[in-house]
1. Distance from the Cα centre of region 118-183 to that of region 42-107, in angstrom?
2. When every alpha-carbon pair in the chain is counted, what percent end up more than 28 Å apart?
3. Whose amide H sits under 5 Å from the amide H of residue 126, counting only residues 5 or more places off or on another chain, with H placed in the peptide plane?
4. What do the square roots of 5 times the Cα gyration tensor eigenvalues come to for region 30-80, in whole Å, largest first, as semi-axes of the equivalent ellipsoid?
5. Any idea what angle helix 107-116 forms with the longest principal axis of the chain, computed on alpha-carbon atoms, 0 to 90 degrees, nearest 10?
6. Quick one: Karplus J couplings for region 4-14, per residue in order, coefficients 6.51, -1.76, 1.60, θ = phi - 60°, nearest Hz, x for Gly and Pro?
7. So if the hydrodynamic radius of region 1-108 is defined as the Kirkwood radius over C-alpha pairs, what does Stokes-Einstein give as its diffusion coefficient at 37 °C and 0.692 mPa s, in µm² per second?
8. Can you give the helix-only mean residue ellipticity at 222 nm for the chain, where every DSSP H stretch with n ≥ 4 adds -39500 (n - 2.57) and the sum goes over all residues, rounded to the nearest 500 deg cm²/dmol?
Amino acid sequence: MTGGPRRIDDGWEAIIYDLDGTLVDLAVDWDEVATAVVGTFAKRGIDTSGNLWDLLERASRADLRGHVEEIISEYEREGARYSERLPLAEQVIEEERPIAVCSLNCEEACRIALATHGLEEHVDAVIGRDSAAKPKPDPGPLEAAAAALEVPPERTVFVGDTDRDAITAERAGTGFLYVRDLF
């Protein structure tokens with residue numbers, strides 16, 4: 001489709017967007033982040049199997065959550081400063097409905113990316129990985145974003161780029177659109 005993404009149906013009262021891969025592309029080498037986190041686990045002789053997000057979840061049980069969170073967040077904050085704005089971001093500026101961002105990235109990185117691309121004044125709420133008790137795909141962050149917009153989850157649509165986002169939406173009772181389906 002030429003001319004950018006198709007507009008999101010007006011039947012939704014609010015829109016909640018994922019950040020990385022949806023509105024921006026964070027300049028983060030995720031393999032490098034995973035290597036840094038694995039090193040932290042390995043130094044303590046703790047199992048390093050699984051992906052980065054598995055390790056973050058396991059970090060709480062190993063009393064490493066704060067340390068691992070800071071490693072990941074530092075990469076995300078830096079990556080947010082050098083992020084690339086994606087085509088869907090234009091809709092955030094043009095949209096009149098309430099808008100939130102709900103991301104697996106830390107809240108500060110979300111805010112940096114939004115500010116970097118002139119989107120912060122168009123977003124009413126930001127919920128990052130560290131803004132809720134559990135990260136996506138737990139429904140809590142998405143429910144918190146809907147609550148911050150004062151719109152019931154069933155009247156909101158979540159726009160994301162991963163199956164994790166789709167699962168989160170299903171668990172929270174929101175609508176869901178893959179960003180790829182808007183083009």
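1. Centre-to-centre distance over Cα atoms comes out at 15 Å.
2. Above the 28 Å cut-off, the chain has 23 percent of its Cα pairs.
3. So residue 126 has HN proximity to 101.
4. On the way: eigenvalues 61, 25, 16 Å².
Ellipsoid semi-axes (Å, largest first): 17, 11, 9.
5. 50
6. In residue order, the calculated couplings are x, x, 6, 5, 6, 3, 5, x, 8, 7, 8 Hz.
7. Working: Rh = 15.9 Å.
This corresponds to a translational diffusion coefficient of 207 µm²/s.
8. Rounded to the nearest 500, the figure is -12500 deg cm²/dmol.
Any read-out appearing in this document is the output of simple, stated calculations on the displayed coordinates, not a laboratory observation. Given the structure is predicted, the values throughout are model-derived calculations rather than measurements.
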